[in-house]
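One structure below.
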Amino acid sequence: MGVIKKLIRQHKPLFGVAVFLTVASVFLSLIWNRFLMELLDRLADFSAFSDRSGAAGFLAGGIGIVLILAFAEFASYCMAAFVCESFAHDLRMGYVRYYVRSDVRLLSGLRAGEEQSAMQNELSDISNYFRENLFSFLKQFVTFAVTFLFLLHRNWKLTLLSTVPVFPLIAYCFFSGKTIKGYTDRCQGYQRQINGLADMILELFPVIWVYDAFGLIRDSMEERIRNWRDANIRKEKISARLMSLSGLLSFVPLLLLLGFGGTMTARGEISVGTFYIFINLSGNVSGFLQNMPNIYAGFRKFEASVDRLAGRLVLERQGEDVCADMRSS
């Protein structure tokens, strides 16, 4: 993962600010949920609002938390999007810089179809991963860790009750993610075959014209397209079946939490606010654990794409490129 480390070093201040805003938004969200918990507990006890000045200050504090949280979420989203787009831009420019600095002999030996496939698949997948998953996964991980510690501190029984049933689901999600990844790799393989055949047709078009071999080429292309189509259909069917069952099983921890937590609330063992906050925040723990296999599979696919393009990326600072251009001129 040397490419990712280089990108982070080149944008270290911006990356640090984005990480700080992401973590801050997580803590502010937890503070807001803590405020809601206290609000519900006060509503359950009508005498808590007998002091109007104290109630007004309490509600004013809640409004302040909402405003700060909204600003932090907006700033975190904007900064994360800017950093991810900067990473994607550096990758695209590094890919172009590799070909600009290569000699003619190297370029003449390249196949346009394979290079186009790299642009359409690997480079596009890496850029999309940056935009959609980089800071999103970071926020999910921080939210999981902070929420789990907070819930464990509030009531360890309910925390374990809503967490332990998730681990069998993790095994199932790992199996489904591995299966879907295999079908995805197969579809991309057929796509590369189609691109390679199209490149060969462009290169050998005069020979195909002379020997009237269009029928043979058409049969070969139709076979590859059929394979690609059938592979995509199988992938979508398998994904729909596996993900549907995964979505159904994901409600098991919540049902257990509702059953046992509601009973504990009725007996007076926990307050209404505590029961609410467990229902509201337990998904941050169980949802992250259930998504771990998919997160891992997506990261491995991203890592493989980065490794395939690592030899074709020339990542340098803009100042170094300007100095190099001045020396060459």
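Ligands, DNA and RNA aside, Glu203 has an accessible area near 100 Å² when probed at 1.4 Å. Figure note: Asp212, Asp90, Asp185 ranked by solvent-accessible area, largest first, 1.4 Å probe, ligands and nucleic acids not counted: Asp212, Asp185, Asp90. With the cut-off at under 16 Å, measuring from each backbone N in the stretch 244-272 to a point 7 Å along the Cα-to-Cβ line of Phe167 picks out 253. Split the accessible area of the stretch 137-257 by element, probe 1.4 Å, and carbon with sulfur accounts for 69%. Accessible area per residue was computed with a 1.4 Å probe on protein heavy atoms; Tyr190 scores about 50 Å². 3J(HN,Hα) couplings calculated from phi for the stretch 10-25 with the Karplus curve 6.51 cos²θ - 1.76 cosθ + 1.60 (θ = phi - 60°) are, in sequence order, 5, 10, 4, x, 5, 5, x, 5, 5, 5, 4, 5, 5, 5, 4, 5 Hz; Gly and Pro show x. Separation of the alpha carbons by more than 20 angstrom is noted, of Lys235/Lys301; Lys5/Lys301; Lys178/Lys237; Lys12/Lys301; Lys178/Lys235, for Lys12/Lys301. The residues of the stretch 143-182 have, on average, 53 Å² of accessible surface per residue, using a 1.4 Å probe with all protein chains present.
The values are calculated or read from the model by the stated rules, or taken from the named source; none is laboratory data. None of the values given here were measured: they were computed from a predicted structure. We place every Cβ from the backbone using ideal geometry, glycine too, and count neighbours over all the protein chains shown. These area figures cover heavy atoms from the full protein model, side chains too; ligands, DNA and RNA do not enter into them. Shrake-Rupley method; radii C 1.70, N 1.55, O 1.52, S 1.80 Å.
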